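Notes for the one structure printed next.
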Amino acid sequence: MNELVISNLSKTYSNGVQALKNVSLTIPRGMFGLLGPNGAGKSSLMRTIATLQEADSGSIRLNTIDVLRQKEDVRKILGYLPQEFGVYPKISAETMLDHIATLKGIRNSNERKEVVEALLQKVNLYQFRKKNLGTFSGGMKQRFGIAQALIGNPKLIIVDEPTAGLDPAERNRFHNLLSEIGLNTIVILSTHIVEDVTNLCSSMAIICMGEVVAQGNPNTLVASVQGKIWKRVVNKEELPLYQKEYQVISTHLKAGLTNIHVYSDDLPDSTFEPVDADLEDVYFTKITGNADAVAV
């Protein structure tokens with residue numbers, strides 16, 4: 001069975017910031033959403049899994065591989081699309097993928113050509129294969145990033161904030177591509193966009209201030225807060241009073257008025273009405289009070 005098991009993983013940086021605090025997760029094959037605010041520790045966890053930084057304690061196993069000790073073995077079966085990745089602007093997509101395939105150990109030129117062409121077709125960039133990467137749009141660069149991550153048929157793919165900055169059409173294309181890849185591979189999607197996890201993932205975790213604060217199936221997590229989310233409209237100046245008296249998990253400003261969502265087992269008072277809860281309500285319930293985590 002293809003799964004990644006993370007046990008009691010901790011990491012503190014030299015500046016004293018504890019980025020990961022005893023993180024334990026079991027990640028099966030398919031799309032796994034790692035959700036959390038900016039600075040929650042998501043990227044620290046991704047970098048550790050991707051063998052780009054050491055952990056202080058804990059373990060990570062990918063099937064029979066000890067990820068923290070057998071780094072070269074991990075890299076052979078890992079595809080990684082970091083949040084920020086550079087491209088050589090004056091090199092064509094085709095040439096760059098051929099170079100990366102060589103680095104990945106595909107020595108036969110005919111085999112490389114077949115792999116590169118197949119990947120460019122898969123990410124819908126084949127017609128642009130001769131164009132320099134510097135001419136690509138943001139969405140095209142992200143799709144190129146997935147193509148390079150797929151070289152070598154990886155068993156584990158990590159994508160860190162992949163849809164940030166994409167327009168809706170590009171985001172939809174990217175979602176479809178990730179869903180297809182996730183049928184046969186472990187794909188970890190690290191994001192702060194709740195909608196991406198709702199649309200794509202069958203299992204997930206929420207991380208905040210370096211700790212896992214919830215994990216499971218998105219629908220199960222939503223069911224756990226169903227009937228406990230309430231809303232009402234307040235004036236902006238009333239907001240501090242409600243925040244003091246109730247567990248206000250989110251606020252939305254609409255047409256000059258503030259819509260608040262409150263988490264409570266019972267109706268807070270007769271001025272509130274129930275909300276049909278969604279994953280965003282789960283997310284805000286779990287990170288309330290922790291949203292100002294230090295960036296790491």
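The values are calculated or read from the model by the stated rules, or taken from the named source; none is laboratory data. This is a predicted model, so every value here is computed, not measured. Neighbour counts run over all protein chains shown; Cβ positions are idealised from the backbone, glycine included. For accessibility, only protein heavy atoms count, side chains too; no ligands or nucleic acids. Shrake-Rupley method; radii C 1.70, N 1.55, O 1.52, S 1.80 Å.
Structure above, values below:
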quantity: Of the criteria (1) within 18 Å of GLU161 (Cβ to Cβ); (2) open to solvent by 60 Å² or more (accessible area, probe 1.4 Å), which one GLY79 fails; calculated: (2)
quantity: Check on ALA147, modelled with pLDDT of 90 or more and open to solvent by less than 50 Å² (accessible area, probe 1.4 Å); calculated: no
quantity: Any hit, the stretch 209-218, residues being within 21 Å of ILE6 (Cβ to Cβ), open to solvent by less than 30 Å² (accessible area, probe 1.4 Å) and under 13 Å from the mean Cα position of the chain (by Cα); calculated: no
quantity: Lone unmet requirement of (1) touching a residue at least 12 places away in the same chain (Cβ under 8 Å); (2) at negative phi; (3) not small (Gly, Ala, Ser) for ASN172; calculated: (1)
quantity: Long-range neighbours under 6 Å by Cβ, at least six apart or interchain, first residue over 13 Å from VAL159 (Cβ atoms) within the stretch 74-100, second open to solvent by 40 Å² or more (accessible area, probe 1.4 Å) and of a type in the set (Gly, Ala, Ser); calculated: PRO89/GLY134
quantity: Residue within the stretch 230-242 that is in a strand (DSSP E or B), in contact with a helix residue (DSSP H, G or I) (Cβ under 6 Å, 6 or more places away or on another chain), at pLDDT 95 or above and surrounded by 17 or more Cβ atoms within 10 Å (Cβ to Cβ) present; calculated: no
quantity: Count of residues meeting criterion [open to solvent by less than 60 Å² (accessible area, probe 1.4 Å) and more than 23 Å from GLY182 (Cα to Cα)] in the stretch 98-126; calculated: 5
quantity: Residue match in the stretch 244-251 (condition: surrounded by 17 or more Cβ atoms within 10 Å (Cβ to Cβ) and farther than 14 Å from THR288 by Cα); calculated: no
quantity: Selection count, the stretch 1-37, where residues are under 25 Å from THR285 (Cα atoms) and assigned to a loop (DSSP other than H, G, I, E, B); calculated: 3
quantity: Residue match in the stretch 50-73 (condition: in a helix (DSSP H, G or I) and aliphatic (A, V, I, L, M)); calculated: no
quantity: Matching residues in the stretch 13-25 - criterion: being open to solvent by 10 Å² or more (accessible area, probe 1.4 Å) and either small (Gly, Ala, Ser) or at pLDDT below 95 (or both); calculated: TYR13, SER14, ASN15, GLY16, VAL17, GLN18, SER24
quantity: Criterion (basic (Lys, Arg), under 25 Å from ARG47 (Cα atoms) and in contact (Cβ under 8 Å) with a residue 60 or more places away in the chain) met by exactly one of LYS141, LYS155, LYS104; calculated: LYS155
quantity: The stretch 191-208, subset touching a Gly at 6+ places or on another chain (Cβ under 8 Å) and not hydrophobic (A, V, I, L, M, F, W, C), residue farthest from ARG173 (Cα to Cα); calculated: SER203
quantity: Near pairs, Cβ below 6 angstrom, 6+ apart or cross-chain, from the stretch 254-277 (more than 19 Å from VAL225 (Cα to Cα)) to any residue that is open to solvent by less than 60 Å² (accessible area, probe 1.4 Å); calculated: THR258/VAL234; THR258/LEU239; THR271/ARG232
quantity: Residue in the stretch 244-258 that is in a helix (DSSP H, G or I) and at pLDDT below 95 present; calculated: yes
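Here is a yes/no grid of residues against (1) hydroxyl-bearing (Ser, Thr, Tyr); (2) open to solvent by less than 70 Å² (accessible area, probe 1.4 Å); (3) over 28 Å from PRO28 (Cβ atoms):
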| site | (1), (2), (3) |
| --- | --- |
| GLN83 | no, no, no |
| TYR88 | yes, no, yes |
| ARG143 | no, yes, no |
| ASN153 | no, no, no |
| ASN172 | no, no, no |
